[in-house]
Amino acid sequence: MFAKKHTPILKGLYFLFKIQYIITFILTLKLYIINGFNMKFLDQIIIQVIAGNGGNGCISFRREKCVPKGGPDGGNGGDGGNIWLQANQDLNTLIDFRFKKIFQAPHGQHGMGKNRSGKKGEDLIINVPVGTKIINYQTNETISDLIHNKKKVLVAKGGWHGLGNTRFKSSINRTPRKMTMGSIGEKRDIKLILILIADVGTLGMPKVPTPPNTPNTSVGCVWGWFGYSIFTTFRKMQNLTTCY
């Protein structure tokens, strides 16, 4: 008798219970999408650095009117560009490496005739925040800690230049037909970890909602619909706060 009399009420409570779970799921998905695509802070990333290859040497002989047997005049190639990581105090996150993870330095130019050497590849300097730890991803070896502003560290060395046939000229070999190829630049995967010390922290009891004053104290935002907020921590939040 009791069940028949209160069946509509029980159905209504069950319906509200299901609606609450649906809203929680939708808000969780919304928070994941927003944080996943608009995250402004990143403290770990893996990038690939490829140094430039050295330019090849040139086999060439001087051919000029009225100059018989001019001899070899092949120039050397240029060195490949190096890749450096430099600490920059104006940066505070690794978010710039989120979509661009492969960095390659220019190759050295090949040698040319008339004893002209190839142009050296320009060095590539990658700016990272102060406090970045550089780790070789393959060997898990720490390369360096950039704890001072403007400090630079070489992470990939460019290839060595090749030699032209002029370098192989001797008293017993007047017309050398020999040259060397430029070497290949270093290629490695490195892991960047931003080491930070928190100045301000907030603690809360389990199942306590996000403080409503978060947007007032930092650059973080509290997401929710109609004043509703998720009571479980979905993602760690690291924000910037200005202290006075």
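Readers should treat all values here as calculations from the given coordinates under stated rules, not as data from a laboratory. Only a predicted model underlies this, so the values are computations on that prediction, with no experimental measurement involved. Cβ placement follows ideal geometry from the backbone for every residue including glycine, while neighbour counts extend to all protein chains displayed.
Packing-based ranking of 63-72, 92-101, 47-56 yields 47-56, 92-101, 63-72, ordered from highest to lowest mean Cβ neighbour count within 10 Å.
Using 0.36 nm per residue and subtracting the Cα-Cα separation, the extra length available between Thr175 and Asn140 on full extension is 7.6 nm.
The tail of the calculated P(r) for region 44-194 beyond 24 Å holds 46 percent of all Cα-Cα pairs. Report the calculated FRET efficiency for Asn127 and Lys65 (r = Cβ-Cβ distance, R0 = 45 Å), to the nearest 0.05. Rounded to the nearest 0.05, the efficiency is 0.25. The modelled label-to-label distance between Ile22 and Lys101, using points 7 Å beyond Cα along the C-beta direction, is 3.8 nm. Extending 7 Å from Cα along the Cβ direction at Ile184 and again at His148 yields two label points whose distance is 3.6 nm.
A 22 angstrom limit on the alpha carbon distance is what I want to check against. Which of Lys100/Lys120; Lys120/Lys157; Lys114/Lys169; Lys150/Lys187; Lys69/Lys120 exceed it? Result: Lys100/Lys120; Lys150/Lys187; Lys69/Lys120 exceed 22 Å. Computed from the Cβ-Cβ distance with R0 of 41 Å, the FRET efficiency linking Asn115 to Gln86 stands at 0.70.
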